[in-house]
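In what follows, a structure is listed as structure tokens, so that the remarks can point back to it.
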Amino acid sequence: MVVTRLLWTVPCILAASQLVQASTKGVAPEKLELYQPDSQQQWTCLDGSKTIPFSAVNDDFCDCPDGSDEPGTSACPNGYFYCENKGHIPAYIKSWMVDDGVCDESCCDGSDESSGLRHCPNRCEQVAADYQKTQAEVHRLTSQGYALKKKLIQDAQAVVQGWEEEKYKLDDLLVVKRAELERYQREFDAMEKEQQHQGQADSDKRAPRFAKRQPSARQQVLETRVKQLRDEIDLLLSILADMKRDHNHNFHDMAVKTAIAGYDEFLVEYNQLRQDMDRLDEELTEEDEIYDDEGDDDEDNDDEAHDLEHPTEPTTEAEGKQPSTISKKVLGKLNEVLPSSWKDRIFSNGQGQKTDGDDGDSGGDHLAYTPPCYHNAVLTSFYDVELDRVRQLRDGVDAEIKSLETKVRDINDKLNFDYGKQREWLKLQETCVEKDDGEYVYSLCLLGGASQKSNKDGSNINLGHFEKFVGHENGGADTYTHHAHTHGLRCWNGPERSVRAIFECGDVTEILDVMEPEKCEYHFRLRTPAVCPNPEDDAAPPPPTAQKTSLHVHEEL
């Protein structure tokens, strides 16, 4: 009795096992648990929409809206068939491709054609070998390309560092030039204001000849200029002293050595010159005090009224003191220290000429006393010359500032431009590559322009210029793998030409192929080291998983 029952049970188990195997054809191992009947041999569609007998699974009739009940047949067009591809990488194909009489490359094990309509041999061993060779070549290109990419990044960092250093220098120079411009502007404004009031300086012809003397406008300008020159020389000497103290003595720069030697030689002469100039300042101060005292005595003189009435007839004593004792000494001292260009321009007689003489004070050429009638004309000419000089200096510095600001803007534009995550595209900028397809020669300059040249008539058509990176628009992880070149020559009765440049990893930058999927829209496929990933990131990839693919899809009529 027991034996009889066993004999009846074994066929039932085998039948149930065959039923399950048939029902799970085309199901991935990780989803097998989803294809188990309940205690009533019922099964629910994966989207939960219906419950059907488990025997209806893979019965070549589509019951579930999501197509999940026919994973191993072509009954449901919206389902997927799992190819195990033992020994290679599993894959998915569309359910409608099952048993269609075509051996799909994605199913190298031939499991998609089991109806007998066509026999597909198991090619997974050969496909796996070919795949390994391909992967080895990809790894080689990736490794070499990434090494070149690191070099591109290093070179870009050096270029950026150069830009930044140049910008720092320009910024420092701008600070100096702006301060210089402000100083020239103040000097110009002061001289212009002084010139406007100069006409009133000698308007009172009946003023006492020996009233307490105030410094003339000419003297004030000279003193101001001399002080400025002293300050500038002191600043220059301070810079040279710092350079002498701080420069690298182990670095034999001949220009620096020459500058330091010249500084040492000049310092000796300049110290003596400063002593002479200080002595001159003391002497002029003493003479001013003597002159003021004499002027005060003369103001108490009984002949003051006569001087007021006859200002053009000075007494012998006064005449001797003014031109000889004071003016000639002052002019003679300045004649010793001022440059010849200043002496020729400022200290001249009414006709703009110097005269020679010797009163025993200076021991050389002296400038003749300039009569009062010539002072205004000479001083007016002096102001005109000085205003023009300062104006030219001011305008020259202003032009330098504008030029420096333009250079700074250009550097900022380059620093702010997007050259990639690590500026890997910077050194490839304007690198141009070509592809000859027989009829045309296609050219593309990275981050630049693209063109199409005819091999028949030599005509060259603009296909667009680089606008932006657009990798993210295609769902790619790397934004910089797709470049958009736009605003090319407009097609006749069509849109403007444009290029979508799509880059993949390679050890050289080159165009692989060119397509025109839409009218006047070109797709360039290229290789370049700039997009190569770090091969170490893929050193230990996870086990391959099934991929949904529709490569070489066979469209049925």
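Any read-out appearing in this document is the output of simple, stated calculations on the displayed coordinates, not a laboratory observation. Note that the structure is predicted; figures quoted are calculated from it, not measured. Every residue, glycine as well, gets a Cβ built from its backbone with ideal geometry; the counts of neighbours run over all protein chains shown.
How do 56-65, 401-410 rank on mean C-beta neighbours within 10 Å, highest first?
Packing order, densest peptide first, comes out as 56-65, 401-410.
Taking the Cβ of each residue in LEU463, LEU46 as the centre, tally the other Cβ atoms inside 10 Å and list the residues starting with the fewest.
LEU46, LEU463
Determine the gain in length on full extension of the stretch GLN275-LEU173; use 0.36 nm per residue of separation and subtract their C-alpha separation, reporting nm with one decimal.
Full-extension gain reported as 33.4 nm.
Can you tell me the mean projection area, over all orientations, of the convex hull of region 429-532's alpha carbons? Units nm², please.
Mean projected area of the Cα convex hull: 6.5 nm².
Using unit Cβ charges (K, R positive; D, E negative) and no other charged atoms, how large, in debye to the nearest 20, is the dipole of region 18-122 about its Cα centre?
120
Give, as ranges by residue number, the residues of region 79-107 whose backbone N falls under 16 Å from the point 7 Å along Cα→Cβ of ASP60.
96-102
Add +1 for every Lys or Arg and -1 for every Asp or Glu among the other residues with Cβ under 11 Å from the Cβ of CYS103, and state the total.
After counting each charged neighbour, the total is -4.
What FRET efficiency comes out for LYS193 versus SER238 if R0 is 25 angstrom and r is the Cβ-Cβ distance? Round to the nearest 0.05.
It comes out at approximately 0.20.
Can you tell me how much longer the chain between ASP457 and THR258 gets when fully stretched, taken as 0.36 nm per residue apart minus their C-alpha distance, in nm with one decimal?
Full-extension gain reported as 65.4 nm.
Taking R0 as 45 Å, what's the FRET efficiency between ARG186 and VAL159 from their Cβ-Cβ distance, rounded to 0.05?
It comes out at approximately 0.65.
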